[in-house]
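The values are calculated or read from the model by the stated rules, or taken from the named source; none is laboratory data. The structure presented is a predicted model; accordingly, all values stated were derived computationally and were not measured. Glycine also receives a Cβ, built like all others from the backbone with ideal geometry; neighbour counts cover every protein chain displayed. For the accessible areas, the whole protein counts, side chains as well, though only heavy atoms, and no ligand, DNA or RNA atoms are used. Shrake-Rupley method; radii C 1.70, N 1.55, O 1.52, S 1.80 Å.
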Amino acid sequence: MSGLLFFVFGIIFAESPSNILSPQSREKTEVSTEPELENVEEETRRDGGSAVHRSVYIGLAILLLLPVAWLIYRASNGSPAAAPSATQESAPPSEEAMSQFRKYTSAGLDYYQKKDWTNAEASFREALRYAPKSAIGLNNLGAVHNERGEYDAAMPLFQTALSLDPTLDIARNNLAWAAGQKAKQGK
């Protein structure tokens with residue numbers, strides 16, 4: 001961060017009046033300090049104001065870079081305005097966690113086929129402990145709630161699954177089915 005600030009301030013001071021003037025004007029300013037203002041004005045008239053234009057462009061660049069530098073500084077200090085860092089975002093599950101997820105998902109599917117909803121739910125919940133952002137895992141748990149007629153518990157699971165993976169058609173179909181069944185119950 002300090003490197004960026006030094007870069008910005010380096011730009012500010014790089015275009016001092018002695019750098020803007022021509023070599024002839026610099027020689028004159030080194031010899032005499034009184035006519036310095038006249039030299040700058042004379043140089044500006046002679047080069048058509050390009051020295052002034054450079055100063056304006058440098059000023060604009062500074063005005064644009066300082067807010068960016070400030071935001072970077074705030075982000076590096078972990079302020080509330082900071083962007084989330086890689087450590088704040090959830091990391092993907094480890095290979096061991098995914099292995100456990102697959103193990104409990106497989107067990108849950110076995111229980112589901114046997115219509116053992118209690119053990120299926122327990123297995124799917126355990127699987128989600130290892131991969132809490134698994135759209136398939138959330139769909140599986142929602143399917144158990146659907147089978148029990150617990151549509152209010154199932155629909156948020158399907159919605160979350162779809163927010164994680166909008167292409168998961170089975171979750172979309174299960175959500176539609178749960179909504180339809182809930183509507184039938186309401187009549």
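Remarks
- Residues that are open to solvent by 40 Å² or more (accessible area, probe 1.4 Å) and under 29 Å from the mean Cα position of the chain (by Cα), drawn from the range 146-169: P156, Q159, T160, S163, L164, D165, P166, T167, D169
- The combined condition, being touching a residue at least 24 places away in the same chain (Cβ under 8 Å) and closer than 24 Å to A176 by Cα, is fulfilled by A135.
- Residue within the range 118-137 that is over 26 Å from E95 (Cα atoms) and either open to solvent by 30 Å² or more (accessible area, probe 1.4 Å) or not polar (S, T, N, Q) (or both) present: yes
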